[in-house]
């Protein structure tokens with residue numbers, strides 16, 4: 001092979017390896033910065049609206065059981081579990097937004113995750129407070 005062919009192949013290999021790495025780094029950097037576009041803002045509002053439609057009754061029941069079993073410790077455990085729960089956008093919602101712009105999809109995901117976690121934590125805390133109140137009342141009634 002001649003030198004020009006080697007130089008071209010080397011350049012192609014270099015860009016083939018570095019471009020995806022740079023694109024990932026750029027995406028990570030973008031995700032860490034606030035977004036001001038209208039698309040992102042609308043996506044965030046739509047994501048929050050989608051999260052409101054999702055039922056969180058299971059988190060209330062889990063919190064209630066945690067409050068019954070562990071009392072005040074159940075409140076902390078229920079909150080921690082709800083705060084760290086998987087909050088990925090459901091597939092059926094993602095299919096609806098797949099044709100939208102990347103900014104819109106990012107805003108939708110961020111809005112959905114923020115709202116669903118907030119709702120889950122609130123539901124788990126209310127459930128665990130209710131469970132704690134029930135077990136406390138039962139214990140005081142039995143002892144009294």
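Rule-based calculations on the coordinates, nothing more; no lab input. What you are looking at is a predicted structure, and each value in this text was computed from that prediction instead of being measured. Methodologically, a virtual Cβ is constructed for each residue, glycine included, from the backbone with ideal geometry; neighbour enumeration extends over all protein chains shown.
Structure notes:
- Gyration tensor verdict on the stretch 40-143 (Cα atoms; rounded if a/c is under 1.5, prolate if a/b is larger than b/c, oblate otherwise): prolate
- Label-to-label distance, residue 92 versus residue 142, with points set 7 angstrom from Cα along the beta-carbon direction: 4.2 nm.
- Label positions at residue 84 and residue 99, each projected 7 Å from the Cα along the C-beta direction, are separated by 4.0 nm.
- Cβ crowding within 10 Å averaged over residues, with 55-62, 110-117, 91-98, 76-83 ranked highest first: 110-117, 76-83, 55-62, 91-98
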